[in-house]
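The values are calculated or read from the model by the stated rules, or taken from the named source; none is laboratory data. Because the structure is predicted, anything quoted here is derived from the model rather than measured. All Cβ positions, glycine included, derive from the backbone under ideal geometry; neighbour counts span all protein chains shown.
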Amino acid sequence: MNKKPLEFYSEPLPGVDPMELHGKLIVIEGPDAVGRSTQVTALKAWLEQEGHAVLDTGMARSALAGKGIQKAKEGNTLGAVTMTLYYATDFADRLENEIIPALRAGFVVLTDRYIFSIMARAIARHEDPAWIRHVTGFGLVPHAIYYLRTEVNDLVSRVVVGRGHFDYWESGMDFRFGEDMYESFMRYQKRLIRALDGMAKVYGFVTIDARRSPAEIHNELRRQIGKLNLKIVNGKPGR
Amino acid sequence: MANPPANPLFAPNRYRGKLIVVEGIDGSGKSTQIALLSQWLRAQGYAVAFSEWNSSPIVHETTRRGKKKEMFTPTTFSLIHATDFADRTERYILPLIKAGAVVCADRYAYTAFARDVARGVGRQWVRNLYRFAIRPNLSFYFRVPLDVALGRILGGRDAIKYYEAGQDLGLSRDVEESFRIFQGRILDEYEAMSREVGFHVIDATQSIEEQQQRMRAIVLRHLGRSLEKSVLRAPRVVFQ
């Protein structure tokens, strides 16, 4: 069981042999402000406690393109295709230089977002779904994809209470989906949720109801990860 | 999740403006020729704009740093150039073509088709990557034997750069030898795609004048009337 090698979605990466990848690849997906990074932090601590080496990574954090993306977002002339491809570059750099080496070394890789967020953002901006699916086809098929799902009304309260303001990009203001940031946020985030919902079945997301408390979500994620048959370390504390 | 069916290359140009591109390996003389062609078009009163490969201000710094620190893999090299191209398309080429200009491009998506495949990325993958690009009205390919091109380049400039020579691929320890092998692969890719993408092939061993003569004849034959009818003209008097 569970010895199946990882695969690429549609496009093999030059120079990578999936047979060498012994770690586990776990993806946390979901819209903006749903609480993904809180969960990644808590899961990492738990997994390390259990004796697993963990790499956590997330969008726009690559050594190659992270800074460039931040800078491009500070201006106001980043087009939809350019943004999509910049994020794809960032993802490829992290996949080849962080995720794959960690999987070779037997790590558990926890990634905050994956190709699905890149695809959802592109689709929400009217890009062709077949195009972006093929572009990101070099992604590895993860062992599990946990989709933290909620409604836009829940997201808006998280943004208002949590941050106290709307973010330009989270509101899709580059496309002006509505006449102000609130209207645009609501329409754009609905489009993102619809796009992610549309992928859930195709890509085998495990959908997690994210309207609950962070602790309840954490416990559910632990239960789900328990099904992945991670190697057990004996002599760990707390059991 | 299998590969999507083969889609047509590029988005159709439904606008007033025209797009003319030149392709070929380093040392084929294409930059000289497109510069002469755009001057000729400008002299006839057309609004002409020029777009160079690898010139987007928001991507440039990332590419520069990646090259300097040798951070690229075949996939990220391909993606960052597509990002650069997307930015130029969205902010420059497309709006200008909509406005009715003749846009002359020194290298286009075909450069990626040839070079990225020579580096090892999938042929269909890189074609799909550039599907958002505007389809050129005319694509010129400057055909030149490898040794002629190498002779022009190796004599003429100081150092061949790391990625230009394909040294990331470990083809040879010797820079010139690596460059030769890599450019040879690129040349093979250009030749293989020539019919698929409908290149107008120019014999780049001919004199500069003969090549230019041929380009102008092809432009007149294929675009002559629509240039006159639809393309934007430069104002007669430019106020300073």
*Among the listed residues A:A105, A:A33, which satisfies the condition of being more than 20 Å from A:V233 (Cα to Cα), more than 14 Å from every other protein chain (Cβ to nearest Cβ) and in contact (Cβ under 8 Å) with a residue 60 or more places away in the chain?*
A:A33
*So, in the range B:80-96, of the ones that are surrounded by fewer than 23 Cβ atoms within 10 Å (Cβ to Cβ) and among the aliphatic types (A, V, I, L, M), which residue ends up nearest to the other protein chains (Cβ to nearest Cβ)?*
B:L94
*Filter result (under 15 Å from B:R143 (Cα atoms), free of Cβ contacts under 8 Å to residues at least 12 places away in the same chain and part of a helix (DSSP H, G or I)) within the range B:192-209*: B:A192, B:R195
_Return the residues of the range B:55-79 that are crowded, with 17+ Cβ neighbours inside 10 Å and more than 7 Å from chain A (Cβ to nearest Cβ); say none if nothing qualifies._
B:S56, B:T63, B:K67, B:F72, B:F77, B:S78
*Quick one: which residue in A:K4, A:K24 is more than 12 Å from chain B (Cβ to nearest Cβ), more than 14 Å from A:R113 (Cβ to Cβ), among the basic types (K, R) and surrounded by 20 or more Cβ atoms within 10 Å (Cβ to Cβ)?*
A:K24
*Filter the range A:58-91 down to the residues that are assigned to a helix (DSSP H, G or I) and of a type in the set (S, T, N, Q), then identify the one that is farthest from the other protein chains (Cβ to nearest Cβ).*
A:Q70
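Checking the conditions here, which among B:V126, B:V121 is modelled with pLDDT of 95 or more, within 17 Å of the chain's Cα centre (by Cα) and either within 14 Å of chain A (Cβ to nearest Cβ) or in a helix (DSSP H, G or I) (or both)?
One residue alone meets the criteria, B:V126.
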*Wholly within the range B:1-90, helices (runs of 4 or more DSSP H) carrying at least 2 residues that are more than 30 Å from B:G224 (Cα to Cα) and touching a residue at least 24 places away in the same chain (Cβ under 8 Å)*: B:57-68, B:74-88
*Examine the range B:134-157 for a residue that is touching a residue at least 60 places away in the same chain (Cβ under 8 Å) and within 14 Å of chain A (Cβ to nearest Cβ), and state whether such a residue exists.*
yes
